[in-house]
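Working notes for the structure below.
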Amino acid sequence: ILNVEQSPQSLHVQEGDSTNFTCSFPSSNFYALHWYRWETAKSPEALFVMTLNGDEKKKGRISATLNTKEGYSYLYIKGSQPEDSATYLCAPSGGSYIPTFGRGTSLIVHP
Amino acid sequence: DTAVSQTPKYLVTQMGNDKSIKCEQNLGHDTMYWYKQDSKKFLKIMFSYNNKELIINETVPNRFSPKSPDKAHLNLHINSLELGDSAVYFCASSSRGPTRGSVGQPQHFGDGTRLSIL
């Protein structure tokens, strides 16, 4: 199991603000990283999978970047909306190929 | 059509009892997982099965026994339940894994089973 850290632990923003948060993981033996979105009372849903250093993925107002050499990924949300409120999990995979989930960043977007 | 379904959704039982949680996926996936979500919402992997074969067993007490009758099902049986077993348990599946070629495949999660031990 990898040592995965996500920061900040929680984040409150106003509707319309742009925001970003970080996932840090061991840079050695990296294979892939998944981002998941987890709404309260629901199950986690996959957002992105990233495998190559420098990868950048985008889905609507949400995008993510990956730096495998230094071991981090950023998730960006542009123009946050209340419906973006959720916990965002990252899950990198190392030598075992089993993803290890971080503790997540809890985002609350206030109208 | 529910892709990954877990039953029951809620389970309240007495300490010392034996209980099972069922998980079924209709996605045709080869790999299934069980996770335990702790009080701080951290998802910790318990087991991974690939095509009915146990791949991962992460420091889980042997009171927990997964059973996979076929690749569409991975049930979790828990003996002699303890207070510390109270948690939400999530089942998930992915199309391949765990191999290098599978790491790009996301996991699909069930809605969770909230287990409460009295």
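Which ones in region A:46-62 are of a type outside the set (Val, Ile, Thr) and surrounded by fewer than 18 Cβ atoms within 10 Å (Cβ to Cβ)? Of everything in region A:46-62, those that are of a type outside the set (Val, Ile, Thr) and surrounded by fewer than 18 Cβ atoms within 10 Å (Cβ to Cβ) turn out to be A:ALA46, A:LEU52, A:ASN53, A:GLY54, A:ASP55, A:GLU56, A:LYS57, A:LYS58, A:LYS59, A:GLY60, A:ARG61.
Limited to region A:66-107, what total is found for residues that are within 14 Å of chain B (Cβ to nearest Cβ) and exposed (fewer than 15 other Cβ atoms within 10 Å of the Cβ)? Residues that pass the stated criteria total 1. Where strands (runs of 3 or more DSSP E) sit wholly within region A:2-83, those with at least 1 residues that are under 10 Å from the mean Cα position of the chain (by Cα) and either modelled with pLDDT of 90 or more or among the aromatic types (Phe, Trp, Tyr) (or both) occupy A:5-7, A:19-24, A:32-38, A:45-50, A:62-67, A:72-77.
Yes/no matrix, rows are residues, columns are (1) touching a residue at least 24 places away in the same chain (Cβ under 8 Å); (2) out of contact with any strand residue (DSSP E or B) (no Cβ under 7 Å at 6 or more places or on another chain):
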{"position": "A:LYS57", "(1), (2)": "no, no"}
{"position": "A:ARG61", "(1), (2)": "no, no"}
{"position": "A:THR65", "(1), (2)": "no, no"}
{"position": "A:LYS69", "(1), (2)": "yes, yes"}
{"position": "A:ILE77", "(1), (2)": "yes, no"}
{"position": "A:GLY94", "(1), (2)": "yes, yes"}
{"position": "A:SER106", "(1), (2)": "yes, no"}
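If the condition is being more than 13 Å from every other protein chain (Cβ to nearest Cβ) and farther than 27 Å from A:GLY16 by Cβ, then region A:31-65 contributes A:ASN53, A:GLY54.
Yes/no matrix, rows are residues, columns are (1) at pLDDT 95 or above; (2) among the aliphatic types (A, V, I, L, M); (3) surrounded by fewer than 22 Cβ atoms within 10 Å (Cβ to Cβ):
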position	(1), (2), (3)
B:ASN75	yes, no, yes
B:SER80	yes, no, yes
B:GLY84	no, no, yes
B:TYR89	yes, no, no
B:SER95	no, no, yes
B:SER102	no, no, yes
B:HIS108	no, no, yes
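Being touching a Phe, Trp or Tyr at 6+ places or on another chain (Cβ under 8 Å) and in contact (Cβ under 8 Å) with a residue 40 or more places away in the chain is a property that B:LEU54 lacks. Checking B:ILE21, B:ILE56 one by one, the residue that is among the hydrophobic types (A, V, I, L, M, F, W, C), buried (at least 18 other Cβ atoms within 10 Å of the Cβ) and either more than 17 Å from B:GLN107 (Cα to Cα) or under 11 Å from the mean Cα position of the chain (by Cα) (or both) is B:ILE21 and no other.
Contact map, region B:72-91: residues that are farther than 27 Å from A:THR40 by Cβ paired with residues that are of a type in the set (Lys, Arg) and in a strand (DSSP E or B), Cβ distance under 8 Å, separation 6+ or inter-chain. Pairs shown: B:HIS73/B:LYS22; B:HIS77/B:LYS19; B:HIS77/B:LYS67.
The values are calculated or read from the model by the stated rules, or taken from the named source; none is laboratory data. Note that the structure is predicted; figures quoted are calculated from it, not measured. FYI the Cβ positions are ideal-geometry reconstructions off the backbone, even for glycines, and counts take in every protein chain you see.
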